[in-house]
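Okay, so here's the structure we're looking at.
The values are calculated or read from the model by the stated rules, or taken from the named source; none is laboratory data. A quick note: this is a predicted structure, and the numbers were derived from the prediction, not measured. Here the Cβ is made from the backbone with ideal geometry for all residues, glycine too, and neighbour counts use every protein chain on show. SASA here: full protein model, heavy atoms, side chains in, ligands and nucleic acids out. Shrake-Rupley method; radii C 1.70, N 1.55, O 1.52, S 1.80 Å.
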Amino acid sequence: MVAAVALLAAACGDDDGDDTAPVPTAAPTTSTTVATTTTSAAPTTTVVTTTTEAVDPLTLPPPQAQESPAIIDRRDHGRQPCALEVTDAGRVFVTFFGGNDVAEMDPATGDVIQRLRTGGGPCGVAAIDDQLWVAELGTDLVNRIDPDTGDVLATVELASDPWDLQPGAGYLWVAERDPGVVIRVDPATGAESGRVEGLGSASGLVVANGLVWVADELNAEVVRIDPDTVAVVDRLAVGQAPKWFGANDASVWLTTSDGLQQLDPDTGEVLSTTDVGEGPLDLVVTETDVWVPDSGQGIVTRLDATSGEVIDRLKLTTGVYVIEPVVDDIWVLNFQFQARGHIFRLDPTVPFND
């Protein structure tokens, strides 16, 4: 599931210089012009060499987008695409907060296959055993939905906004925004089977290295929970306003208002902090790369998953909050309040800037 729900709050650095990777600048291009002048005496040739700086995506003002061979296409399928989930069977579902529906989309073409009507403000979505769990912000409910019929099969009632949904360790985990609560749900019945209270505010979740990691945005902490006992293991100080997680075998990654932080998966220690823009929320972590969209500047930053160094940046448009891998592509959702958001598909094998 994606980090989509925090964009609702975002839309309504304490960086360590040694750890922050330098931002690459676009390479200049050089062109040579040959001019021939003919006089009555003899022709003369003048060679004029000019250097033109390639476009640096960080200098492009919103909403100007950058042309890039990495952009496969851009689709407009409805108002405010809020989250994306790929089931184990490879089916792709996108929630549309402004349209009160969930669209199944063709993973190869991006076309809409079907739409499922929901209640008020669907956003977060998770898939377990090919069943969809959809967070409805307008009703404070999390519903288990049959992806073929749209029928609601189970409901979890909350006291406030369901901010993130994540499957892991045999359960569905729900972050309830305010007051900060994490709820463990039995996915077979929809019944609550444990909870952790007392967080300042619960934002993103991830299940990694045998623990549940929760971002406590208000207290600038990461709270780690034993999934079997639902007991708090520890609380770790991190960057200001921690938002969302991504993880691979080597590291846990966290977006904060201070930047992207790389955490030790065993201890939770902050290993590095990298500037990825003014408003990072969601992220994608693979074995080789980390992808982070900056909602304010509309720029996707790509980093090396081992070193944390910036590889490339691509300017799309302001309001890009959510990023997810789909088959061999990377999809980026542009939420945009009061507008029809776009869904970009990117080819991860092509450099952003040739």
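What number, in percent, do you get for the relative contact order of the stretch 286-354 if the mean sequence gap of Cα pairs under 8 Å and at least 6 apart is divided by its residue count?
It rounds to 23 percent for the stretch 286-354.
Kindly state, to the nearest 0.05, the FRET efficiency for residue 250 paired with residue 193, given R0 = 25 Å and r defined as their beta-carbon distance.
Computed FRET efficiency for residue 250 and residue 193 comes out at 0.20.
For the stretch 298-304, take each phi angle, set θ = phi - 60°, evaluate the Karplus expression 6.51 cos²θ - 1.76 cosθ + 1.60, and give the result in whole Hz per residue in order, putting x for glycine and proline.
Listing the rounded values in order: x, 10, 9, 9, 10, 10, 6 Hz.
Amide H to amide H under 5 Å from residue 155: which residues, 5+ apart in sequence or cross-chain, H placed 1.01 Å off N in plane?
Long-range HN contacts for residue 155: 144.
In nm, what is the difference between 0.36 nm times the number of residues separating residue 155 and residue 74 and their Cα-Cα distance?
Length gained, residue 155 through residue 74: 25.8 nm.
Tell me, in nm to one decimal, what length is gained between residue 59 and residue 117 on full extension, where the rule is 0.36 nm per residue of separation less the Cα-Cα distance?
16.8 nm
Can you send over the solvent-accessible area of residue 235, 1.4 Å probe, protein chains only, in Å² to the nearest 10?
It works out to around 100 Å².
Once the whole set of protein chains is in place, how much accessible area is left on residue 72, using a 1.4 Å probe, in Å² to the nearest 10?
The accessible area of residue 72 comes to roughly 80 Å².
Viscosity 0.692 mPa s, temperature 37 °C: Stokes-Einstein D of the stretch 81-173 from its Kirkwood Cα radius, in µm² per second?
Calculated translational D: 253 µm²/s.
Tell me, what HN-Hα J-couplings in whole Hz come from the Karplus equation 6.51 cos²θ - 1.76 cosθ + 1.60 at θ = phi - 60° for each residue of the stretch 82-93, using x for Gly and Pro?
Karplus-based 3J(HN,Hα) across the stretch 82-93 equals 10, 7, 9, 9, 10, 6, 4, 7, x, 7, 10, 10 Hz.
If you bin every alpha carbon distance in the stretch 184-237 into 5 Å steps from zero, what whole percent lands in each bin?
4, 20, 28, 26, 15, 5, 2, 0
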